[in-house]
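Visitor: Quick one: structure below, then a few questions.
The values are calculated or read from the model by the stated rules, or taken from the named source; none is laboratory data. Bear in mind the structure is a predicted one, so any value in this text is a computation, not a measurement. With ideal geometry, Cβ positions are generated from the backbone for all residues, glycine too; neighbour counts draw on all protein chains shown. Side chains are part of the model used for accessible areas, which takes the heavy atoms of the whole protein and leaves out ligands, DNA and RNA. Shrake-Rupley method; radii C 1.70, N 1.55, O 1.52, S 1.80 Å.
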Amino acid sequence: MRAALAIEGLTVAYSSGGYSVRPLRDFHLEMAAGELGILLGASGCGKTTLLSAIAGLLTPVAGSISVGGTEVVGLAGRELTRYRQRGVGIVFQSFNLVASLTARENIELVLLTAGVRRAAARRRAAELLGRVGLADKAGQRPGALSGGQQQRVAIARALALDPPLLLADEPTAHLDYIQVDSVLTILRQLADAERTVLVATHDERLIPLADRVVELTARALPEGSEETRVLHDGETLFSQGDVGSLVYVVESGTIRLVRERVEGPEEKIGDVGVGGYFGELAPMFGMPRSATARAVGEAVVTGLPLSRFRDRLGKAQGEDAS
C-alpha cells in the first residue's frame, strides 16, 4: 500500500548569520492515510523547516517528498501552485487570518482564489465553520474572536479545498488549556481514512492523540565507552551537525575546530592543544555538533562519556588548586 506521505533522505540547509545550518539530515518518514503524526521538539530543531519543505515552500538540498504519490521536490510553476492549493493545507502558529475579513470571508478567499464560484465558496465556508463549531461566528472578524476561535477558523480555511494532507505548526502555542481542548479534538477528528494530519509542536499534551510521534530534538546518546583515537594530519574526528555522546581531550598534537560557512572558506574557531577539551555541548544538551573537529598534524585524543569527563575535569581543577 502506497504511503500517504513518504519522505526519503531529506536534507535541508540554510544560512544563519552566514553559517551553514542543516536542521534536517537524511531524514525519513512514512505516514498512512488517516494517521495523526506529531513532530515533537524544542524551538530550532527543524519542525517548521520540515513542514515548509513538505508544503513546497522551500527546496531541500537532497531527498524526496511524496504526497499521495506526487513528488513534491522539483515541482514548479502551475504544478507547484496546484499542489499548494489542493495537495496540502497549512495551519500556522500565528493564525495568519486577514484582519479586515470576516471568518467566512477568510475561508471564501481561498476558494475564490482557486477558481471556485462565489455561491459555492459561500456554501463551503459555512459548512466548514459548522464543522469547527463556529457557525454562529461567520460574520465576526478575527479581532472579535478568541485565540482558540481564530485557530479553528484557520483550520477551516486550511480544509477549504479538501487537501489529503494537513500540516499544523504549533497550533496550540498561544492558547490556554480550555482553547487547547477544542483545537486538539478537531485535529484528532480530521485524521480519517481520507486525510493525514502532521502537527509540529513542543507541547507534549498532544502525544496521547497521536498515531505516530517523531522526536526531532537531538537527544544525547547513551553514554559510550572511553575511547582513544589516533588521527592523521587533516583527518576529521566529527563534522558539524553530527550527534555525539563523547567529550574529547587532546593527549598529543592539535585539533582544529572549524565552522562551515554558506559562502567562502571554512571559518577557524580555534585550535585545541594538549590537555584541552572540546565537544562537550553535544552530550551535555543533546545538541548537534556546532563545528567540525580535524587534526593538525598527527594527534591523539581520548573520548570520554560526560560523567567520566566531569570526574577528570574535577580532579584536574583540584590538582591545580593544590
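Visitor: Might you let me know whether segment 193-204 holds any residue that is open to solvent by 40 Å² or more (accessible area, probe 1.4 Å) and farther than 18 Å from L39 by Cβ?
Guide: yes
Visitor: Taking segment 231-246 only, how many residues are in contact with a Gly (Cβ under 6 Å, 6 or more places away or on another chain) and aliphatic (A, V, I, L, M)?
Guide: Within segment 231-246, residues that are in contact with a Gly (Cβ under 6 Å, 6 or more places away or on another chain) and aliphatic (A, V, I, L, M) number 1.
Visitor: In segment 59-71, how many are buried (at least 18 other Cβ atoms within 10 Å of the Cβ), among the hydrophobic types (A, V, I, L, M, F, W, C) and in contact with a Ser or Thr (Cβ under 6 Å, 6 or more places away or on another chain)?
Guide: Adding up the residues that qualify gives 0.
Visitor: Counting just the residues of segment 254-281 that are open to solvent by 60 Å² or more (accessible area, probe 1.4 Å) and β-branched (V, I, T), which one comes out nearest to the chain's Cα centre (by Cα)?
Guide: Of everything passing the filter in segment 254-281, V262 is nearest to the chain's Cα centre (by Cα).
Visitor: A further question follows. Of the conditions (1) among the β-branched types (V, I, T); (2) assigned to a helix (DSSP H, G or I); (3) open to solvent by 50 Å² or more (accessible area, probe 1.4 Å); (4) at pLDDT 80 or above, I186 clears all except one; give me its number.
Guide: Checking I186 against (1) among the β-branched types (V, I, T); (2) assigned to a helix (DSSP H, G or I); (3) open to solvent by 50 Å² or more (accessible area, probe 1.4 Å); (4) at pLDDT 80 or above, the one that fails is (3).
Visitor: Is it the case that segment 92-107 has a residue that's in contact with a Leu (Cβ under 8 Å, 6 or more places away or on another chain), within 24 Å of S52 (Cα to Cα), at pLDDT 90 or above and charged (D, E, K, R)?
Guide: no
Visitor: Hey, among the residues in segment 107-146 that are closer than 19 Å to Q85 by Cβ and of a type in the set (K, R), which one's least open to solvent (accessible area, probe 1.4 Å)?
Guide: Looking at the filtered set, the residue picked out is R124.
Yes/no per residue for (1) out of contact with any helix residue (DSSP H, G or I) (no Cβ under 7 Å at 6 or more places or on another chain); (2) in a strand (DSSP E or B); (3) open to solvent by less than 20 Å² (accessible area, probe 1.4 Å):
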position	(1), (2), (3)
I7	yes, yes, yes
E30	yes, yes, no
L39	no, yes, yes
A42	yes, no, no
L50	yes, no, yes
L57	yes, no, no
V73	yes, no, no
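Visitor: Ok, one more. I90 - would you say it is over 13 Å from A158 (Cβ atoms), touching a strand residue (DSSP E or B) at 6+ places or on another chain (Cβ under 7 Å) and open to solvent by less than 50 Å² (accessible area, probe 1.4 Å)?
Guide: Here the answer is no, as I90 does not meet what is asked.
Visitor: Being surrounded by 17 or more Cβ atoms within 10 Å (Cβ to Cβ) and assigned to a strand (DSSP E or B) is the filter here; which residues of segment 230-253 pass it?
Guide: L231, L237, F238, L246, V247, Y248, V249, V250, G253
Visitor: Right, something else. Across segment 147-163, which residue is nearest to V132 (Cα to Cα) among those that are assigned to a loop (DSSP other than H, G, I, E, B) and either of a type in the set (G, A, S) or open to solvent by 10 Å² or more (accessible area, probe 1.4 Å) (or both)?
Guide: Checked segment 147-163; the qualifying residue nearest to V132 (Cα to Cα) is A160.
Visitor: Please list, ordered by first then second residue, the pairs with beta carbon atoms under 8 Å, 6 or more apart or interchain, first in segment 46-64 and touching a residue at least 24 places away in the same chain (Cβ under 8 Å) and among the hydroxyl-bearing types (S, T, Y), second loosely packed, with under 15 Cβ neighbours inside 10 Å and not in a strand (DSSP E or B).
Guide: Between residues of segment 46-64 that are touching a residue at least 24 places away in the same chain (Cβ under 8 Å) and among the hydroxyl-bearing types (S, T, Y) and residues that are loosely packed, with under 15 Cβ neighbours inside 10 Å and not in a strand (DSSP E or B), the close pairs are T49/L58.
Visitor: Sort out which residues of segment 10-20 are modelled with pLDDT under 80 and either touching a Pro at 6+ places or on another chain (Cβ under 6 Å) or open to solvent by 20 Å² or more (accessible area, probe 1.4 Å) (or both), and write them in order of number.
Guide: Y14, S15, S16, G17, G18, Y19
Visitor: Determine whether S94 is out of contact with any helix residue (DSSP H, G or I) (no Cβ under 8 Å at 6 or more places or on another chain), assigned to a strand (DSSP E or B), farther than 17 Å from P23 by Cα and of a type outside the set (D, E).
Guide: No.
Visitor: Quick one: which of L80, L109, L101 is more than 26 Å from the chain's Cα centre (by Cα), assigned to a helix (DSSP H, G or I) and not aromatic (F, W, Y)?
Guide: That would be L109, the only listed residue that is more than 26 Å from the chain's Cα centre (by Cα), assigned to a helix (DSSP H, G or I) and not aromatic (F, W, Y).
Visitor: Mind counting the residues in segment 282-301 that are farther than 17 Å from S43 by Cα and surrounded by fewer than 19 Cβ atoms within 10 Å (Cβ to Cβ)?
Guide: So the answer is 5.
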